[in-house]
Amino acid sequence: MTRRPDVVVIGGGSAGSVFAARISENPDLRVTLLESGRGFDADWPPELLDASTLPIGPGSEWTDVIDVELTPNRPSSIARGRVLGGSGAVNGAYFVRARPEDFAPWPQSQWSWPQVLAAYRRTETDMDFGGADHGSDGPMPVIRSASPTPITESFETACVRNGFTHVPDLNSHTAGDGFGRVPSNVSEGKRINAALAYLVPARNRTNLEIRTETSVGRILFDGTTVVGVEGRDANGPFVLECDRVVLAAGAVRTPGLLMHSGIGPESELRALGIEVLVDLPGVGRGVRDHPEVAVPYSLPHNSIGGTPLQSVLHHDGLELRPFSSSFDRMIAGLPVSDPSIGVALMNPTSRGDIVVPRDPYEPPRIRYRYLESADDRDALAAGVELARSLLATMGFEPDAPAALTSRLGTSLHLCGSARMGDDDSAVVDERCRVRGVDGLSVVDTSVFASVPSRGPHASALMVAERAAELYRHRL
Ligand SMILES: Cc1cc2nc3c(=O)[nH]c(=O)nc-3n(C[C@H](O)[C@H](O)[C@H](O)COP(=O)(O)OP(=O)(O)OC[C@H]3O[C@@H](n4cnc5c(N)ncnc54)[C@H](O)[C@@H]3O)c2cc1C
């Protein structure tokens, strides 16, 4: 496609891939997708497909590394996908829906549970369950492991012995607390990312152009109306004119793109020397994620394999994750470590910030402010105790107890950095349109109105499906 696009989508990750594929079903709409990372058609590198490992280790060519502060005294770094398919191309392939009650803070005019459920159903072909809850002809295959590892079996037996309920389908809207098999976006051992599921089948459309290894630095405006984007690729800097822009650069990068385009908290924009177009104090603020504490244990034969996570327990706002093997087995380049149960807090009180750098192409930093509240500390401590007693039932020896902070990590489930709503700190409205400007929308996990009490990947696709549907009525 050489004509001027109607719409530019920035970021071909989980949400951007779905959104670009869906809106380009309209042959009259010219869509250009710009993605920083590399892209593939049929020839995906094996490490991006192998669902038993995550290609995010030191030196990975498929990720951005972001410096973070989990607590003021606990610096760390996290990975985000920088490749077509985005973080979903490098993730754990755990494809679980949020709970109906998670959507209570979302604008109900467009995100009521029936609307949300219909969009979830469009994303998937569920191989195990049908009926009104599930999709049977969506692009993403969803399957639960039928050949559990010994760790999974032992964990599930321990859950039964400790009185927890078995939940056959974690994606059912009636699923409550209990343990169950993880739904995964895996087919024949391959991690199916959103680009593979949605974009590859659409790539020959004459109205869809996919430009990879192309980064956007800012969005251009005439007054407050979008007129194009400025970026750079292998040929150097470029300007691409268009009528509308949809920002899908993910919860970490989307705030920086907004701010470098003059949209964000006025004081921060001025400190960065950026001319203020719209003062939106919520950009990059109030970020949510799931803090996670590892409970390691010794295992005589640490060679379990399988998908990284096959079963989980939900209990009292916690998710307990018995990983199939130690992280060094799942992620190349990590030091040898014991296997662990991850204890994640699924509705934490902590709120973080994205700290945007002066250079629009440099990664931001994240200040999480984990464990500031006694409620979060107490809930995680209770989860660690629960994991230790399950390990005891499994016949394993947990490592000696340690301070929460020493084993603190994060689930890499960032959301809410350009939140949807109608209050003063909301950044987009109920149709994902950025407030105060014309022609700019955000469609990625930045817009989540609340942190879901489950992993966000399935919900990233759902949001893009629903936003594409709303787009037909002008986004
Ligand atoms: C290692 C890892 C494991 C995870 N495991 C799970 C899991 O098992 N289950 C689960 O539910 N969730 C998981 N998550 C979270 C989940 O994958 C993400 O929440 C989801 O993929 C986010 O989708 P997104 O579209 O918002 O952003 P992304 O998928 O991150 O997409 C953003 C895209 O924008 C591109 N981009 C960024 N800046 C620019 C720019 N300036 N110009 C052009 N392109 C740009 C990026 O390269 C990227 O491709 C995991 C995340 C990670 C990182």
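The values are calculated or read from the model by the stated rules, or taken from the named source; none is laboratory data. What you see is a predicted model, and the numbers here were worked out from it, not measured in a lab. For neighbour counting, all protein chains shown are included, and Cβ atoms are generated from backbone atoms with ideal geometry for every residue, glycine included.
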Counting only residues in the range 239-256 that are of a type in the set (A, V, I, L, M, F, W, C) and away from the ligand (no atom under 12 Å from the Cβ), the one farthest from S17 (Cα to Cα) is identified as V239
Hey, P55 within 13 Å of the ligand (Cβ to nearest atom) and either touching a residue at least 40 places away in the same chain (Cβ under 8 Å) or under 23 Å from M346 (Cα atoms) (or both) or not:
yes
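Could you list, in sequence order, the residues of the range 228-282 that are among the hydrophobic types (A, V, I, L, M, F, W, C) and within 20 Å of A464 (Cα to Cα)? Spell out the reasoning first.
As a first pass, look at the range 228-282 and keep what is among the hydrophobic types (A, V, I, L, M, F, W, C): 229, 234, 238-240, 242, 245-249, 251-252, 257-259, 263, 269, 271-272, 274, 276-278, 280.
If the condition is that a residue be among the hydrophobic types (A, V, I, L, M, F, W, C) and within 20 Å of A464 (Cα to Cα), then V245, V246, L247, A248, A249, A251, V252, L257, L258 are the ones that fit.
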For P107, only one of the following conditions fails: (1) touching a residue at least 24 places away in the same chain (Cβ under 8 Å); (2) under 17 Å from the mean Cα position of the chain (by Cα). What is its number?
(2)
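Considering each residue of the range 14-40, count those that are closer than 15 Å to A194 by Cβ and of a type in the set (D, E), and give that number. Steps first, please.
Going residue by residue through the range 14-40, those that are closer than 15 Å to A194 by Cβ are 14-24, 33, 35, 37, 39-40.
This time we only want the ones that are of a type in the set (D, E), so: 35.
Here the count works out to 1.
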Looking at T212, T224, can you tell me which residue is polar (S, T, N, Q), within 14 Å of the ligand (Cβ to nearest atom) and modelled with pLDDT of 95 or more?
T212
Could you tell me whether R80 is within 9 Å of the ligand (Cβ to nearest atom), within 20 Å of R232 (Cβ to Cβ) and either among the charged types (D, E, K, R) or touching a residue at least 60 places away in the same chain (Cβ under 8 Å) (or both)?
yes
Elements of type strands (runs of 3 or more DSSP E) in the range 123-195, at least 3 residues being at pLDDT 95 or above and either surrounded by fewer than 19 Cβ atoms within 10 Å (Cβ to Cβ) or of a type in the set (A, V, I, L, M, F, W, C) (or both):
140-144
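Can you go through L408, L414, L440, L470 and tell me which one is under 20 Å from I78 (Cα atoms) and either more than 13 Å from the ligand (Cβ to nearest atom) or surrounded by fewer than 19 Cβ atoms within 10 Å (Cβ to Cβ) (or both)?
Values: L414 fails: either more than 13 Å from the ligand (Cβ to nearest atom) or surrounded by fewer than 19 Cβ atoms within 10 Å (Cβ to Cβ) (or both); L440 fails: under 20 Å from I78 (Cα atoms); L470 fails: under 20 Å from I78 (Cα atoms).
Selected residue: L408, the only one of L408, L414, L440, L470 that is under 20 Å from I78 (Cα atoms) and either more than 13 Å from the ligand (Cβ to nearest atom) or surrounded by fewer than 19 Cβ atoms within 10 Å (Cβ to Cβ) (or both).
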Is it the case that L371 is of a type in the set (A, V, I, L, M), surrounded by fewer than 23 Cβ atoms within 10 Å (Cβ to Cβ), touching a strand residue (DSSP E or B) at 6+ places or on another chain (Cβ under 7 Å) and at pLDDT below 95?
no
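Does G333 qualify as being in contact (Cβ under 8 Å) with a residue 60 or more places away in the chain and not in a strand (DSSP E or B)?
Values: in contact (Cβ under 8 Å) with a residue 60 or more places away in the chain: yes; not in a strand (DSSP E or B): yes.
So G333 passes the test.
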Tell me which of these L29 doesn't satisfy, since it passes every other one: (1) among the aliphatic types (A, V, I, L, M); (2) within 12 Å of the ligand (Cβ to nearest atom); (3) farther than 20 Å from S446 by Cβ.
(2)
Could you tell me which numbered condition V8 fails, if it satisfies all but one of (1) closer than 21 Å to L196 by Cα; (2) more than 12 Å from the ligand (Cβ to nearest atom)?
(2)
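Which residue is nearest to the ligand (Cβ to nearest atom), if the candidates are limited to the range 449-460 and must be over 9 Å from the mean Cα position of the chain (by Cα) and of a type outside the set (K, R)?
The first filter runs over the range 449-460 and keeps only residues over 9 Å from the mean Cα position of the chain (by Cα), leaving 449-454.
Now restrict to residues that are of a type outside the set (K, R): 449-453.
Working: A449: 14, S450: 14, V451: 11, P452: 9, S453: 12 Å.
Checking each candidate, the answer is P452.
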